[in-house]
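Taking it in order: structure first as structure tokens, then the write-up.
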Number of protein chains: 2
Amino acid sequence: MTKYEMIAGKIRQRIREEVYPVDSLIPDQVSLAKEFKVSRMTVKKAMDILELEGLILRKRGAGTFVKKTALSEGLTASIMEYEGLTKQLANQEVKSQVISFKLDFPNELTQEKLMLDKHDPIYKIIRLRVVDDAPYILEHTIMNANLIPGINEDILHQSIYDYIHKELNLQFGGAHRIIQADKASEYDQKYLDCDEHDPILEIEQVVYLEDGTPFEYSRSRNKYNTRSYNVVDF
Amino acid sequence: MTKYEMIAGKIRQRIREEVYPVDSLIPDQVSLAKEFKVSRMTVKKAMDILELEGLILRKRGAGTFVKKTALSEGLTASIMEYEGLTKQLANQEVKSQVISFKLDFPNELTQEKLMLDKHDPIYKIIRLRVVDDAPYILEHTIMNANLIPGINEDILHQSIYDYIHKELNLQFGGAHRIIQADKASEYDQKYLDCDEHDPILEIEQVVYLEDGTPFEYSRSRNKYNTRSYNVVDF
DNA sequence: CAGTGGTCTAGACCACCGT
DNA sequence: CGGTGGTCTAGACCACTGG
């Protein structure tokens, strides 16, 4: 733990406990540097973190203020993470029903999305995610099989992301997402317990490793009134 | 323009022109500091920018690499901005048809979303955004009338955001969004040229000023196959 | 073990805001 | 104008990676 992280933590706590109330001026960097016995640069780095989290507003010549939203925000995470469902719904029971699991070659769209050659092998996976015994999300996933080897039905019943992280020791680097509405296909109707005219929310995404290699292209579909996509940005 | 922004710009250009190709090692910070005749801290700050933009990957002990995605990304902006339609579709002809424009008091939901008292006045605006003569988005907007005074039909036909920025001199500070699918209401059907069973994509958002004061609560609805919501994150 | 990036310092100067 | 935050420096030490 670095000094600036410690200091950011202390200030964050003071904001939450309203020692520094909403809309008020925070002590200046020189005073804080003295209090924490560090250089001003270190205090500034701590403030950089809090600004990224959306807790404070800094004005040259005026000072640093606590934002009105500092308390009301549930979480500080800037965007919904691409951690997979298992982590997002940690408290509820998430099961996975494997509908289809094949090895195949990529079509043109997939070649482009995953930066692949037409002869590179891919996994084609269709899973139904079930939460508390109700169908929740129908996931069509395509993965680079050379990059993520050794997938089997056992893993598919649990968390693919855990496997990639902990077994293969690969780090994630980001994702591109397209969120759109769509009509229910027969597939959706069959597995998501929905009507012919129920709207579907689809999250199409490409997920990257930390060096920028795309490893997954997926479309996650759910019935319109079961799930939304949330974004917080500052 | 600061030194570290200049340096970030130069390095960014070298990456784009493949002087530093994808997957390659960038010269170390000490060499770059010498080349640009600055201290190493300044080079590091430049690198901080490029990392935020998702162009590079830094590994302690190893070096700094160009990410595979550095070239393929259209834009570096981390999230779609809340600039309003007028700016997003700068090249196309965007018109606004004002369907309804009233002054009113907030209901409970609005009081909560906009941090208002029940006696605070609000604008209730319904606009149809028309692009190239086709209906595009139906916007239900509620604004804090004390915060954003002086709105009139003239402004509603153009860009409210420009008015807030340039006339009122207020800066934006962020937004919360919920993206979801919904069934078409009679209202949607009437104005968006859609069928009873066409899915609707709705973006519900609260937009904040830089000090965290919420000033707008809106729901933007469009037919399922006309618009998607895109997110890029690193 | 050499070389990398990350942290931290003490101090300097600058840009900006309010009075 | 005084006080704020932003930038920048030169140098030190540390943590980590790779051969």
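Within the stretch A:141-171, count every residue that is open to solvent by less than 40 Å² (accessible area, probe 1.4 Å) and in contact (Cβ under 8 Å) with a residue 60 or more places away in the chain. Give the derivation first.
Taking the stretch A:141-171 as the starting set, the residues that turn out to be open to solvent by less than 40 Å² (accessible area, probe 1.4 Å) are A:141-145, A:148, A:151, A:155-156, A:159-161, A:163-164.
Then drop every residue that is not in contact (Cβ under 8 Å) with a residue 60 or more places away in the chain, which leaves A:141-144, A:148, A:156, A:159-161.
Going through the stretch A:141-171 one residue at a time, the tally reaches 9.
Picking from residues in the stretch B:23-47 that are within 11 Å of DNA strand D (Cβ to nearest atom) and over 13 Å from B:K3 (Cβ atoms), the one that is nearest to the other protein chains (Cβ to nearest Cβ) is B:L25. Looking only at residues in the stretch B:17-40 that are in contact (Cβ under 8 Å) with a residue 12 or more places away in the chain and touching a helix residue (DSSP H, G or I) at 6+ places or on another chain (Cβ under 6 Å), which one is nearest to DNA strand C (Cβ to nearest atom)? If we take residues in the stretch B:17-40 being in contact (Cβ under 8 Å) with a residue 12 or more places away in the chain and touching a helix residue (DSSP H, G or I) at 6+ places or on another chain (Cβ under 6 Å), then B:Q29 is nearest to DNA strand C (Cβ to nearest atom). Could you go through the stretch B:133-140 and let me know if any residue there is without any contact (Cβ under 8 Å) to a residue 60 or more places away in the chain, over 20 Å from the mean Cα position of the chain (by Cα) and outside any strand (DSSP E or B). Yes, because at least one residue in the stretch B:133-140 is without any contact (Cβ under 8 Å) to a residue 60 or more places away in the chain, over 20 Å from the mean Cα position of the chain (by Cα) and outside any strand (DSSP E or B). Put simply, of B:I126, B:I178 the only residue that is assigned to a strand (DSSP E or B), more than 8 Å from every other protein chain (Cβ to nearest Cβ) and surrounded by fewer than 21 Cβ atoms within 10 Å (Cβ to Cβ) is B:I126. Among the residues of the stretch A:151-175, those that are of a type outside the set (V, I, T) and in a helix (DSSP H, G or I) comprise A:E153, A:D154, A:L156, A:H157, A:Y161, A:D162, A:Y163, A:H165, A:K166, A:E167.
Of the residues A:I200, A:I126, A:I122, which is closer than 24 Å to B:R177 by Cβ and of a type in the set (A, V, I, L, M, F, W, C)? Steps first, answer last, please.
Numbers: A:I126 fails: closer than 24 Å to B:R177 by Cβ; A:I122 fails: closer than 24 Å to B:R177 by Cβ.
Going through A:I200, A:I126, A:I122 in turn, just one is closer than 24 Å to B:R177 by Cβ and of a type in the set (A, V, I, L, M, F, W, C): A:I200.
Does the stretch B:191-202 hold any residues that are touching a Leu at 6+ places or on another chain (Cβ under 9 Å) and outside any loop (DSSP other than H, G, I, E, B), and which are they?
From the stretch B:191-202, those touching a Leu at 6+ places or on another chain (Cβ under 9 Å) are B:191-192, B:198-201; that's our starting set.
Within the stretch B:191-202, B:Y191, B:I200, B:L201 qualify.
Based on this model, can you work out whether B:K10 counts as at pLDDT 95 or above and away from DNA strand D (no atom under 12 Å from the Cβ)? Lay out the reasoning, then the answer.
Numbers: at pLDDT 95 or above: yes; away from DNA strand D (no atom under 12 Å from the Cβ): yes.
Taking the combined requirement at face value, the residue satisfies it.
The values are calculated or read from the model by the stated rules, or taken from the named source; none is laboratory data. Being a predicted model, the structure only gives us computed values, none of them experimental. Note that we place each Cβ from the backbone using ideal geometry, even for glycine, and neighbour counts take in every protein chain shown. Heavy atoms of the whole protein, side chains included, go into the accessibility calculation; ligands, DNA and RNA do not. Shrake-Rupley method; radii C 1.70, N 1.55, O 1.52, S 1.80 Å.
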